[in-house]
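Trainee: One structure is given below, represented as C-alpha cells, and several questions about it will come after.
We did not get these values from a lab; they are worked out from the coordinates using the rules stated. Every value quoted in this text rests on a predicted model; they were computed, and no experiment measured them. Every residue, glycine among them, receives a Cβ derived from its backbone with ideal geometry; neighbour counts consider all protein chains shown.
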Amino acid sequence: MTWAEPSSTATALLLLGRGTDPDTEKGVECPGDLPAPSDPGLVERARAAKAALGDRVFVLGHHYQRDEVIQFADVTGDSFKLAREAAARPDAEYIVFCGVHFMAESADILTSATQRVVLPDLAAGCSMADMAALVQVEKAWEHFTRLGIAGDVVPVTYMNSTADIKGFVGRNDGVVCTSSNAETALKWSFERGSKVFFLPDQHLGRNTAVLKMGLTLQDCVLYDPHKPGGGLTDQQLLDAKMILWRGHCSVHGRFTLDSVEDVRARVPGVNVLVHPECKHEVVTAADHVGSTEYIIRMIEAAPAGSAWAVGTELNLVRRLALAHPDKQIMFLDKNVCYCSTMNRIDLPHLVWALEELVAGRVPNEITVDADTAHYARVALDRMLALP
Ligand code: SF4
C-alpha cells in the first residue's frame, strides 16, 4: 500500500523550520558555523565525524526523530530505553541525544559522571514537560500539606518531565513511570497511599486510572496550577483518588473523536491504534492503546492486508508505513502532526554537534545538579524495581 502524506498547514510548515518565529527561537545556541540545510555534503560530513570519534561517541535517536537524523543513530527507542542504552555504554565519552531536553537530562542522571551528554539543539524542549515547573508543583504540595492530605498522597511522574520534577517525586517517596508501566506504578502507589498525584500528563494518568485500575472519572480531579487552589475545592481534593496535573502532549492531544469516526467511515475494518497520551474520549474509541514500543510491535505483528490508523507522532507513523508496504498504515489525523521540538534536531545541528566534538569542544552539554540528580535517580530506581 502507498503512504498518503497528511496535508500540511501553514503552522506545521513553520514548526518544521521553514520560517522563523522569534518567540520559539529562544535558547538556540550554535556558536560557530551551523551548516546550511542545503549543503549537499551533510551526510558525508556526519559520517566522517562519527567515524573520527569512533567508540568515543554514542548517538541515540528517539522514534519521533526525522529520518535524516535517525540514519545516524546507534540505537533507536523511546526515552527510557535510550537512557538505559546510554547507561549501558560506560565507555562512550559523549552521548549525543537526538531527542528532547528531558530525555538528555535522564541520560545524564543515569550515566556516569565522566560521560558527557550533548543535545544538538537546546531549543528541543518538550511542551508537556514544561507544563510542570518545580515552583508550581511545590506550591500544590504545600496546599496538600495544609489540607492534611500530603501524607496520603503518592506523587508519580511520567518519564516526560524535567529532572526537577523527578527529583521532587524522589524526595517525596514517589516513583517515575513510562507509558508502558504506568499501571504497575499506580498499583505500587495505591499500596502506599490512598491518593496519587500524577504529573505532568493528565491523559496518561486518567486513561491508566480509569481503563486499567477501575477508577471512575469522578475519582479523578484536574489540578490547574494557573488557578487559585488548583481550581478545586478542599472537598474535591479530599474526595479525589487521582489528582491529575493539568499538562498534556501537544502532539497526541491533537487527535479527536472526530478523527477516529472519520477514519472508520472512510476505511471499513480499520484498526485504530493510539498512544495513551491521547484524550480519554479518543482512547476509549480506539481499538488498541499502548506506548510507542507497543505501537511498533502491533504493526510488526499485524497480518498483511490489514488496515491501521495510528495516533502518534508523524515521523514514526511514516517510517512504519514505509517499512510495512504489505499493510495499509495511515495517520489518524488529516493534517500533519509532528513534534515540533523533536524536529528541531535536524542534520545540520547533528553535523555541527559531531564536528564540535571532533574539534575537542563539547557543545550544548546537558547537566543536572548533584542534589536533583540524586533524588531523580531515587525515583527512577524505584521504577526499575517495580515488579
Ligand atoms: S511528542 Fe509530546 S511528550 Fe513527546 S516530546 Fe513532543 S511534546 Fe513532548
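Trainee: Given charges of +1 on the Cβ of Lys and Arg and -1 on the Cβ of Asp and Glu, with all other atoms neutral, how large is the dipole of the chain about its Cα centre, in debye to the nearest 20? If you can, show how the numbers build up before the last one.
Mentor: Working: 36 positive and 50 negative charges, 139 e Å.
That gives a dipole near 660 debye.
Trainee: How far is it, in nm, from the label point at GLU142 to the one at ASP234 when both lie 7 Å from their Cα along the line to the Cβ?
Mentor: In this crude spin-label approximation the distance works out to 1.8 nm.
Trainee: Report the label-to-label distance for ASP130 and THR2 in nanometres (one decimal), using points 7 Å from each Cα along the Cα→Cβ vector.
Mentor: For ASP130 paired with THR2, the spin-label model returns 3.8 nm.
Trainee: So if I take the alpha carbon set of the range 265-312, get Rg, then get Rh from the Kirkwood formula, what is the Rg over Rh ratio? Before the final figure, lay out each step's value.
Mentor: Numbers: Rg = 10.5 Å, Rh = 11.0 Å.
Radius of gyration over Kirkwood radius for the range 265-312 works out to 0.96.
Trainee: Using Cα-Cα distances under 8 Å and only pairs 6 or more residues apart, what relative contact order does the range 252-331 have, in percent?
Mentor: Over the range 252-331, the number comes to 29 percent.
Trainee: Counting Lys and Arg as +1 and Asp and Glu as -1, what is the net charge of the other residues whose Cβ lies under 15 Å from the Cβ of LYS279? Provide the component values of the computation, followed by the final result.
Mentor: Numbers: positive: ARG206, ARG246, ARG254; negative: ASP201, ASP258, GLU261, GLU277, GLU281, ASP333.
Its environment carries a net charge of -3.
Trainee: Same structure, new question: Considering only the other residues whose Cβ falls under 14 Å of the Cβ of LEU204, what net charge follows from Lys and Arg at +1 and Asp and Glu at -1? Don't skip to the end; give the middle numbers.
Mentor: Numbers: positive: ARG206, LYS212, ARG246, LYS279; negative: ASP78, GLU183, ASP201, GLU277.
Computed value for this residue: 0.
Trainee: Have a look at GLY174, ALA285, HIS143 and report the one farthest towards the positive end of the charge dipole of the chain, computed about the Cα centre with Cβ charges (Lys/Arg +1, Asp/Glu -1).
Mentor: ALA285
Trainee: Within 10 Å of each residue's Cβ, count the other Cβ atoms and sort MET131, MET213 from fewest upward. Working shown, then result.
Mentor: Numbers: MET131 20, MET213 17.
Starting with the residue having the fewest Cβ neighbours, the order is MET213, MET131.
Trainee: Using the number of other C-beta atoms within 10 angstrom as an exposure proxy, rank GLU191, GLU138, GLU105, GLU293 with the fewest first.
Mentor: On the way: GLU191 8, GLU138 13, GLU105 26, GLU293 16.
Lowest to highest Cβ neighbour count: GLU191, GLU138, GLU293, GLU105.
Trainee: Next up: So in the chain, what percent of DSSP beta bridges are antiparallel if you round to the nearest 5? Let's see the in-between values first.
Mentor: Details: 2 of 39 bridges.
Approximately 5 percent, going by the DSSP bridge assignments.
Trainee: Now a separate question. Debye sum, Cα scatterers, the range 179-282, no solvent: what log₁₀ I/I(0) at q = 0.17, 0.24 1/Å?
Mentor: Values, matching the q order: -0.81, -1.29.
Trainee: Mind sorting ASP219, ASP201 by how few other Cβ atoms lie within 10 Å of their own Cβ, fewest first?
Mentor: Values: ASP219 16, ASP201 31.
With the fewest neighbours first, ASP219, ASP201 line up as ASP219, ASP201.
Trainee: Okay, next question. Percent of Cα-Cα pairs per 5 Å bin, from 0 to the last occupied bin, for the range 126-216, please list those.
Mentor: 3, 15, 27, 26, 19, 9, 1
Trainee: Could I ask something else about it? With charges only on Cβ, +1 for K and R and -1 for D and E, what is the dipole size of the range 129-249 about its Cα centre, in debye, rounded to 20?
Mentor: On the way: 12 positive and 13 negative charges, 20 e Å.
Taking the Cα centre of the range 129-249 as origin, the dipole is about 100 debye.
Trainee: Any idea what the relative contact order of the chain is, in percent, if you count C-alpha pairs under 8 Å spaced at least 6 apart? All intermediate terms of the calculation are to be shown ahead of the outcome.
Mentor: Working: 764 pairs, mean separation 93.8, N = 387.
The normalised contact order for the chain reaches 24 percent.
Trainee: I've got another one for you. Stretch GLU191-LEU217 to full length: gain in nm at 0.36 nm per residue minus the Cα-Cα span? Kindly include the intermediate steps, with their values, before the conclusion.
Mentor: On the way: separation 26, 0.36 × 26 = 9.36 nm, distance 2.04 nm.
So the chain would gain 7.3 nm between GLU191 and LEU217.
Trainee: Given the range 252-331, what whole percent of its Cα pairs are spread farther than 15 Å? Don't skip to the end; give the middle numbers.
Mentor: Numbers: 1554 of 3160 pairs.
Counting every Cα pair in the range 252-331, those more than 15 Å apart make up 49 percent.
Trainee: Starting from the Kirkwood Rh over alpha-carbon pairs, what translational D in µm² s⁻¹ does the chain have by Stokes-Einstein at 25 °C and 0.890 mPa s?
Mentor: On the way: Rh = 21.7 Å.
Roughly 113 µm²/s, to the nearest whole number.
Trainee: Further question: Would you kindly give the portion of the calculated P(r) for the range 80-232 that falls above 21 Å, as a percent of all Cα pairs?
Mentor: Numbers: 5587 of 11628 pairs.
Distances greater than 21 Å cover 48 percent of the Cα pairs.
Trainee: Quick one: give the max-minus-min coordinate of the C-alpha atoms of the range 52-160 along each principal axis, largest first, in Å.
Mentor: Taking the Cα atoms of the range 52-160, the three principal extents are 59, 27, 20 Å.
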